[in-house]
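Read through the structure below, which is laid out as structure tokens, and then see the notes.
The values are calculated or read from the model by the stated rules, or taken from the named source; none is laboratory data. What you are looking at is a predicted structure, and each value in this text was computed from that prediction instead of being measured. Counting neighbours? That spans all protein chains shown, and the Cβs are built from the backbone with ideal geometry, glycine included. Note: areas computed on protein heavy atoms with side chains; ligands, DNA, RNA excluded. Shrake-Rupley method; radii C 1.70, N 1.55, O 1.52, S 1.80 Å.
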Amino acid sequence: MFGPAPLARTWGVKLNMQVPAPVEYERATSLTEVFDLLERYGPESRVIAGGHSLLPMMKIRLARPEVLIDINDLTELDYIRIDGGELRIGAMVRHATLMSSPLAGEYYPIFAEAEAVIADPIVRNRGTVGGSLCQADPAEDLSAVFAALKATVVISGKSSSRTVPISEFHTGPYTTVVGPEEILTEVRVHLRANAGSAYEKVERRLGDWAIAAVGAMVRIEGGLIVEAGIGLAAVRAEHYSAPEAEQILVGSAPSDELVERAASLAGEHCNPSADQRGPVDYKRHLVKELTTRALKRSISRALPEGA
Amino acid sequence: MTDLQQRPDGVGFGRVIRKEDARFVRGKGNYVDDIVLPGMLFGAVLRSPYAHAKIVSIDTSAAEAHPKVKAVITGALLETLSLAWIPSLSHDVIAVLATDKVRYQGQEVAFVVAEDKYAARDALELIDVEYEVLAPVVDAKRALDPDAAVIRTDIEGKKDNYIFDWGSGDEDATEAVFKKADVIVEQDMLYPRVHPAPMETCGAVADMDPISGKLTIYCTTQAPHAHRTLYALVAGLPEHKLRVFSPDIGGGFGNKVGIYPGYVLAVVGSILTKRPVKWVEDRSENLMSTSFARDYHMHGKIAATKDGKILGLRVDVLADHGAFNNTAQPTKFPAGFFHVFSGSYDLEAAYCAVKGVYTNKAPGGVAYACSFRVTEAVYVVERMVDRLALELDMDPADLRMKNLLRPEQFPYTSPTGWEYDSGEYPRALELAMKMAGYWDLRKEQAEKRARGELMGIGISFFTETVGAGPKKHMDILGLGMADGCEVRVHPTGKAVVRLSVQTQGQGHETTFAQIVSEVTGIPVADVEVVHGDTDNTPFGLGTYGSRSTPVSGAAAAVASKRIVDKARLIAAAMLECSPDDLEWELGRWQVKGDPSAGKTIAEIAFAAHATLELPEGLEGHLDASCVYDPPNLTFPFGAYICVVDVDPGTAKVTVRRFIAVDDCGPRINPMIVEGQVHGGLADGVGMALMESIAFDEDGNCLGGSLMDYLLPTSIECPSWETGETVTPSPHHPLGLKGVGESATVGSPPAVVNAVLDALKPFGVKHADMPLTPAQVWRAMQGRPMRTDMAIQ
């Protein structure tokens, strides 16, 4: 396990292993080659993109792949474009690219807000959208962002590809539905009119994992919230989401009271654990506070100017 | 832009660009890990995963069979060399490799020497250690419980985890002032365990020449001479065949004072393999096993009249020393200089009692004035004064101003016997308040409070206690704390100065050249500083406790003065006049009343090496040396004001402003002083808000990586506002006081006082560091957490 809660406790047995175990290295130059290599080396191989999660795990020997398959040459997966009424983000898009993308920002300010608080510039310059999702760290921000946006993930294999809603993508901490001979290739987000989105995060220090983070999206039509998404990171919310809170928002006119009720539900229904970032009561409080802030900002962004 | 070169002639004190920057900004520093010797092997340490466990067996056969492994060393092997245990710096012992049991997570268990560092790490996994896990002692407050496991079973007859009791001050007089006081405030507080976390971790390259028998140790040490002598004493190695070489050091902060098992293991590895052995620890090893700082559980009790005259202070301390008592203390002072805790105030009486205990945690405690415990002392008094202000409903600035020592009281003898050399305290506080716009800030705060916004203003006034120290009072393991210095002027007027102290990044190559220059007039650029090599420098105890400038700087000044004095006699011979007819104009002896007749120091230096007939009894050349035994410590001081904003919803603290007025006497190089202050302030923000080494119930270290042990970044730091006053030390030859740790000592209470000031509307009286968002929120709920244990 690699993440906020359990790491320190397992650290002891992995003391001073800050060099990786021996590992083979392959560099793929096309998707076809990636699938060939995955087939050849099997489950003991790992795909490496930005490497900012995998390499630290390898250095402390919590991860010991036999083969690394480097996909950094797959520029074909480095794109952000509009297609079929969707924003399509290639798996190899770096955090820094998404953060500064005018296209993504035009539809969803949540991207720039979340990316600006992900780790630090060094990580953002290298880490990728696909890598972040596949790492499935419970504190991972983009998982919460895409949960709020109700995104769809494209998973590709040698002979076929499939789409999976983000709500079915993660199967638990550090695990996803991506099979041993598959990779995540794209993330898709519906383009929505009259929608607003926002991201809120509190960390002990720049670059630390979130104590809690909340992404929100609302779509408002005729004065009513017709669609709502709330994504939670670092508090062990199932699928990084807060369906109970989303439910009471939909169909109601936005108000401070409504936001307050939704935020309370988000705080109650997540499952944070105590660690050095904070005790459970504080984390629940923080989820409520940040949900309130993210929702309020999303609502004001969804409403037409001057409304 | 600041004018960097204040003196056009390049002589003496001023904002001189650092000499060492020429290599550091080019990436051309030479650190221990840069050292590569022919045939060099690499060591790695196997460490205990448990906090407390009996070692049942160690099987090294698989590791030894690794094709690249040259040696595997265990405690059993070291026992045959009488090196399994070595003396600590506090008259205890520490294990080099565990023999009987492990006593903290991260303790050294075995050492592998291999052809490359990867193979060494791989081989660690092949060592099979069978442990029998024992109950750990994690909570210092329960270390003396009758049912607590006994950690130090290696000490014959040891039945508990008690180390020492020590007190200072007049207990009866203190009790008497408490009886007559109108107001008494008591407060428990923890100064939690923190780590120096230098950018460069610790390491060594040991090179035993089997032919000459000479052992060279390249090592990350702040105290090369002390190390050499200790190796000689401990290992029975002849001291003249030992050379300790300390190259560029990437930060020390006390972390690199002591001798770590890894250094000894590199030496043993080199002796066994007859090849050089390099050992460099990684970040987690540094954080988990090397010297920490603080870990003082304090109970403060302060007495005052109702109009705010502070009468007395009592502090009772429970000191968590970890598994071995390895703090670096003068023998007389097991709690260092903690008894300077009466601080900057005019008290009638004060008393402190310190109890040291063992726990299953890493040993040490040699870190940024921590070893000498001034940091803890300043924290407790500055928190207690703020607690008193809260109780009296007085402004903390007014309360301090009312009680600060007055200039006419110096030299001042404190209730615990310290003689403060000099100080103008109210002037420094007034300047800090003026820079801050203190009363305007209070107005702003009142307006914000009315709107429900949380803003806090915190003050700290500190008196540092540095420059250890007078030999009659202070030693480390019996070695007196005097330092030597040698100055040699070459025939062409260039000079070399040789020091016993060792820089770790604070710019000695520049500042010591400036000291020599200030006294002799030789340009700074013409003075070479040699240090960090025991074969080429005079003996001395090294750099820590901000002692370089007060002790070694004084030695350099005295030696330089001796050069000038000798130059006068030579100049008189050159000018065929009486030395009494000469007057000193910086860099030149000239005839009184006829300034055109004179000789520069360069001309004199050449003459000293030439054929000139010198006066009877005067030897040639222009050299001088000094061993400086300081008559007293120096007492730098400062007034710090911190302004914070606290988000009422998330409880996150933002440091908005930090005003630091430091008085360290005259400044050799103001730019370097400001740099040191900036670093110390950042460190203070880190300790106050985020740095933490807590332990869970099993004794697992929860601060064992930089993912868990958070150091502040520029984002968490405001743009520092620094100011100065200058009060020279009356006993230092140049009036210098030292500044290395001032900001580290002074800043944490300012930040904490500011945060607690912001939380005043919630009735919060105290919460322990680090004031993370969770801790601040809990404090607002009236339920602050213990910060030495895992958060539940």
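Quickly work out the residue A:33-to-residue B:141 label distance, labels modelled 7 Å from Cα along the C-beta direction, and quote it in nm with one decimal.
6.2
I'd like to verify something in chain B: which complete DSSP H helices, judged by Cα projection on the helix axis, reach 20 Å or more and average at least 0.0 on the Kyte-Doolittle scale?
Correct list, ordered by number: B:374-392, B:554-575, B:670-689, B:742-758.
For the stretch A:75-190, what does the accessible surface come to per residue with a 1.4 Å probe? Please give it in Å².
Averaged over the residues of the stretch A:75-190, the accessible area is 37 Å².
Which value, in square angstrom to the nearest 100, describes the accessible area buried between chains A and B on both sides, using a 1.4 angstrom probe?
3500
What 222 nm value per residue comes from the helices of chain A, counting each DSSP H run with n ≥ 4 as -39,500 (n - 2.57) and dividing by all residues, nearest 500 deg cm²/dmol?
-10000 deg cm²/dmol
Kindly provide the helix-only [θ] at 222 nm of chain B, computed as the sum of -39,500 (n - 2.57) over DSSP H runs of four or more divided by all residues, to the nearest 500 deg cm²/dmol?
Using -39500 (n - 2.57) per qualifying helix, the result is -8000 deg cm²/dmol.
Could you name the lysines whose alpha carbon sits less than 20 Å from that of residue B:434, not counting residues in the same chain fewer than 8 places away?
B:402, B:443
Select from the stretch B:256-325 those trypsin sites (Lys or Arg not before Pro) which occupy a DSSP coil region and have at most 15 other Cβ atoms within 10 Å, ordered by residue number.
Taking the stretch B:256-325 and a limit of 15 other Cβ atoms within 10 Å, the loop trypsin sites (Lys or Arg not before Pro) found are B:274, B:306.
Going by average Cβ neighbours within 10 Å, how do the peptides B:177-187, B:335-345 rank, with the highest at the top?
B:335-345, B:177-187
Checking the a/c ratio against 1.5 first, then a/b against b/c, what shape does the Cα gyration tensor give for the stretch A:66-199?
Judged from the Cα gyration tensor, the stretch A:66-199 comes out rounded (a/c under 1.5).
Quick one: check the C-alpha center-to-center distance for the stretch A:159-187 versus the stretch B:681-739, whole angstrom.
45
Measure nothing fancy, just the Cα-based angle from helix A:256-269's long axis to the longest principal axis of chain A, in degrees from 0 to 90, nearest 10.
The angle comes out at about 30 degrees.
Positive end of the dipole of the protein assembly as shown, charges at C-beta (+1 Lys, Arg; -1 Asp, Glu), about the Cα centre: which of B:131, A:197, A:138 has its Cα farthest in that direction?
Positive-end residue among those listed: A:197.
Which residues does the label zone of residue B:625 cover in the stretch B:474-517, counting backbone N under 12 Å from a point 7 Å along Cα→Cβ?
B:484-488, B:498-500
Of B:301/B:471; B:28/B:241; B:256/B:355; B:306/B:737; B:256/B:471; B:561/B:592, which pairs sit farther than 28 Å apart, going by alpha carbon to alpha carbon?
B:301/B:471; B:28/B:241; B:306/B:737
Relative contact order for chain B: what percent, with Cα pairs under 8 Å and sequence separation of 6 or more?
15
Highest GNM mean-square fluctuation, chain A, Cα pairs closer than 10 Å: which of A:80, A:60, A:230?
A:60
With charges set only on the Cβ (+1 for Lys and Arg, -1 for Asp and Glu), what does the dipole of the protein assembly as shown come to about its Cα centre, in debye to the nearest 20?
With Lys and Arg at +1 and Asp and Glu at -1, about 400 debye.
Given a 1.4 Å probe and every protein chain left where it sits, what share in percent of the accessible area of the protein assembly as shown is carbon and sulfur?
52
Give me a single rounded figure for B:110-121: the average over its residues of other chain Cβ atoms within 10 Å of their Cβ.
Average per residue, whole number: 1.
Of the listed peptides A:249-260, B:671-682, what is their order by residue-averaged count of other C-beta atoms within 10 Å, with the highest listed first?
Highest to lowest by the protection proxy: B:671-682, A:249-260.
Among A:224, A:133, A:87, which one shows the highest mean-square fluctuation when chain A is modelled as a Gaussian network with alpha-carbon springs under 10 Å?
A:224
If you keep only loop residues by DSSP, which GluC sites (Glu not before Pro) in the stretch A:62-171 have at most 14 other Cβ atoms within 10 Å of their Cβ?
Here the sparse-neighbourhood loop sites are A:66.
Hey, can you rank B:504-516, A:208-220 by average C-beta count inside 10 Å, highest first?
Descending packing order for the listed peptides: A:208-220, B:504-516.
What are the aspartates and glutamates whose alpha-carbon lies under 14 Å from the alpha-carbon of residue B:19, with same-chain residues fewer than 8 places away excluded?
In chain and number order, the partners are B:248, B:509, B:526, B:528.
Please label the shape of chain A as rounded, prolate or oblate, based on the square roots a ≥ b ≥ c of the eigenvalues of the alpha-carbon gyration tensor (a/c under 1.5 means rounded; beyond that, a/b larger than b/c means prolate, else oblate).
Oblate is the answer for chain A, as a/c is 1.5 or above yet b/c matches or exceeds a/b.
Over all residues in A:276-288, what is the mean tally of Cβ atoms on other chains that come within 10 Å of each residue's Cβ?
Partner-chain Cβ atoms within 10 Å, mean over residues of A:276-288: 6.
Accessible area of residue A:134, 1.4 Å probe, to the nearest 10 Å²?
Roughly 50 Å² of residue A:134 is accessible to a 1.4 Å probe.
Given H placed on each backbone N at 1.01 Å, which residues far from residue A:176 in sequence or on other chains put an amide H within less than 5 Å of it?
So residue A:176 has HN proximity to A:171.
Multiply the residue separation of residue A:103 and residue A:75 by 0.36 nm, subtract the distance between their alpha-carbon atoms, and state the gained length in nm to one decimal.
8.2 nm
Total Lys pairs in chain A closer than 18 Å by alpha-carbon, pairs eight or more apart in sequence or interchain only?
5
What net charge do the residues around residue B:466 carry, taking every other residue with its C-beta under 9 Å from that of residue B:466, with Lys and Arg at +1 and Asp and Glu at -1?
Every neighbour counted, the sum reads 0.
Between the stretch B:290-363 and the stretch B:618-679, what's the alpha-carbon centroid distance in Å?
Each part's Cα centre sits 22 Å from the other's.
Below 8 Å, C-alpha to C-alpha, sequence gap of six or more: please give me the relative contact order for the stretch A:154-236 in percent.
The value is 20 percent.
Across peptide A:194-205, what mean number of C-beta atoms from other chains lies inside 10 Å of a residue's C-beta?
Mean shielding by partner chains, rounded to a whole number: 3.
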